[in-house]
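So the structure is just underneath, and the comments pick up after that.
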Amino acid sequence: MKTITVNASKTYDINIGSGILDDAGSILPKIGSTAAIVTDDIVAPLYAQRLEQALSRNKTRIVRYVIPNGEASKNAEQLVSLVNFLAKEKLSRTDTVIALGGGVVGDLAGFAAAVYMRGVGFVQIPTTLLAAVDSSVGGKTAVNLEAGKNLAGAFYQPDAVLCDISLLSTLKPEVFRDGCAEVIKYGVIADGELFSSFEKPIKDQMENVIARCVEIKRDIVAQDEFEKSVRKFLNFGHTTGHAIELLSGYEITHGSAVAAGMAIVTRAAAQMKICDDSCRQGVIKILKLYKLPVNTTYDAASLANACLSDKKRDGGKVTMIFPEKIGKCIMKEIKVEELENVIRLGLEELP
Ligand SMILES: NC(=O)c1ccc[n+]([C@@H]2O[C@H](COP(=O)([O-])OP(=O)(O)OC[C@H]3O[C@@H](n4cnc5c(N)ncnc54)[C@H](O)[C@@H]3O)[C@@H](O)[C@H]2O)c1
Ligand SMILES: [Zn+2]
């Protein structure tokens, strides 16, 4: 088992290993007298009972809240109903909400833990690759509103993260692929050596890859918990990616959209001479190796418009992340009127 300590507004450990779900009772810090497990209807039959057994050894009272799986559950109604459930079960401030699931469960349960009684204990047990490397670390929680994704939320760090990599073996291939897009992102923005390791299947080196991605995110979050500066690097591929998600009415999944977004922004960077052509070729090659998309059918004007409806717009400019080389990115402010041209450069496929 690997343990990575995060020093943000809370200090907490991320434990990564195979089969460690069954040791949850000893690994997790004080979870109080009651633990509310929040999970979805795919993960519950697979893993909830094992977690409950592991925790019951400590004589913890356990209650379970199950949501329908999928992004549609990450909404305000579900948040209110979850908070009401916690109140009905009489959770106190020293008790703990445990998110057992992917990013949807983690974001919803985290937000509920942040607002119920102005904050109760919170533990993340990620069960998707995306949640393991991204959403379970760093303390962003949210629900979607009709006006857009993640529009209501809070920064709320967990008290612990337990990542049992053996749980990822039941993921559908397309859900696993989505997580690979985020993993590839970490290589491009921060670690050339990690990026080279993706030539061998990520599946075969899961513990090391997840640990390295988590360390990168940990280091970024430690410098900039509230996304004023360097945390923006984590948005590599996301400005265009979010636009693709939005235009598709969320039919295209986050990971696929981000993969296409990374390819587009890297091609633009090569055209703008921010990176050289080998960087462009390297990024496209790895994305293709993991069967991730490297372009979109939406045109530059529609994509630019959709980007501008995204909340990361800042006055008359949009902050975009471009690779300088594999392992190093730069942040560049793009004027709103130039955005369409930048995206157009990125849509052009080169040999
Ligand atoms: N908070 C953050 O910093 C942050 C970062 C990135 C993404 N997110 C959010 O994360 C969400 C996406 O997360 P996701 O990709 O994990 O999606 P998800 O939670 O919807 O999970 C994807 C699917 O996999 C199923 N599943 C989960 N674990 C499984 C397992 N072990 N075996 C079999 N099936 C399993 C789920 O039931 C679901 O159907 C989005 O809402 C996104 O906004 C948050
Ligand atoms: Zn993402």
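For the range 3-158, take N as its residue count and report Rg(C-alpha) divided by 2.2 N^0.38 Å.
Ratio of Rg to 2.2 N^0.38 Å for the range 3-158: 0.94.
Taking only DSSP H segments of four or more residues, each worth -39500 (n - 2.57), what value at 222 nm results for the chain once the sum is divided by all its residues, to the nearest 500 deg cm²/dmol?
-12500 deg cm²/dmol
How big is the shadow of the Cα convex hull of the chain, averaged over all directions, in nm²?
Seen from a random direction, the Cα hull of the chain projects 15.8 nm² on average.
Considering only C-alpha atoms, what is the centroid distance from the range 267-303 to the range 143-185, in Å?
Here the two parts' Cα centres lie 23 Å apart.
Among the aspartates and glutamates, which have Cα under 20 Å from the Cα of residue 285 when same-chain residues fewer than 8 positions away are ignored?
Counting by Cα, and skipping residues close in sequence, residue 285 has these aspartates and glutamates nearby: 174, 178, 182, 191, 193, 199, 204, 276, 277, 324, 348, 349.
Quote the charge dipole size of the chain about the Cα centre in Debye, to the nearest 20; the model charges only the Cβ of Lys and Arg (+1) and of Asp and Glu (-1).
Charge dipole, the chain, about its Cα centre: 620 debye, nearest 20.
Taking 0.36 nm per residue of sequence separation and subtracting the Cα-Cα distance, how much length would be gained by fully extending the chain between residue 199 and residue 337, in nm to one decimal?
Length gained, residue 199 through residue 337: 45.9 nm.
Between residue 80 and residue 324, what's the calculated FRET efficiency when r is the beta-carbon distance and R0 is 35 Å? Round to 0.05.
That gives a FRET efficiency of 0.20.
Which aspartates and glutamates have a Cα less than 12 Å from the Cα of residue 10, not counting those fewer than 8 places away in the same chain?
Of all the aspartates and glutamates, those that pass the test against residue 10 - Cα under 12 Å, at least 8 places apart if same chain - are 159, 225.
Send over a whole-number figure in Å² for the accessible area per residue of the chain, probe 1.4 Å.
Each residue of the chain exposes 42 Å² on average to a 1.4 Å probe.
Between residue 308 and residue 62, how many nm apart are label points set 7 Å from Cα along the C-beta direction?
According to this spin-label approximation, the distance is 5.2 nm.
Write out the cysteines belonging to the chain for which the nearest other cysteine Cβ is not under 4.7 Å, or none if no such cysteine exists.
163, 180, 213, 307, 329
What list of ³J(HN,Hα) couplings, whole Hz, do you get for the range 85-90 from phi and the Karplus terms 6.51, -1.76, 1.60, once you set θ to phi - 60° and write x for glycine and proline?
4, 4, 5, 4, 7, 6
May I ask you to evaluate 6.51 cos²θ - 1.76 cosθ + 1.60, the Karplus curve with θ = phi - 60°, for each residue of the range 98-106 and list the ³J(HN,Hα) values in order in whole Hz, giving x for glycine and proline?
Once rounded to whole Hz, the list reads 10, 8, 10, x, x, x, 5, 4, x.
Whenever you get a sec, compute what percent of the accessible area on the chain sits on carbon and sulfur atoms (1.4 Å probe).
51 percent
Let me know the shape class of the range 172-241, please: from the alpha-carbon gyration tensor, a ≥ b ≥ c as square roots of the eigenvalues, rounded when a/c is under 1.5, otherwise prolate if a/b is greater than b/c, or oblate.
The shape class here is prolate.
Which cross-chain or sequence-distant (5 or more) residues have an amide H under 5 Å from the amide H of residue 38, H modelled 1.01 Å from N in plane?
65, 98, 99, 100
Sorted by average packing, counted as other Cβ atoms within 10 angstrom per residue and highest first, what order do 254-263, 176-185, 220-229, 8-17 take?
Packing proxy ranking, top to bottom: 254-263, 176-185, 8-17, 220-229.
Among the listed pairs 140/203; 2/325; 140/185; 74/288; 74/317; 200/328, which are separated by more than 23 Å between their Cα atoms?
Beyond 23 Å: 140/203; 2/325; 74/288; 74/317.
The values are calculated or read from the model by the stated rules, or taken from the named source; none is laboratory data. In this text, all values refer to a predicted model and were calculated from it rather than measured experimentally. Neighbour counts run over all protein chains shown; Cβ positions are idealised from the backbone, glycine included. Protein only, heavy atoms only, side chains kept; ligands, DNA and RNA dropped before computing areas. Shrake-Rupley method; radii C 1.70, N 1.55, O 1.52, S 1.80 Å.
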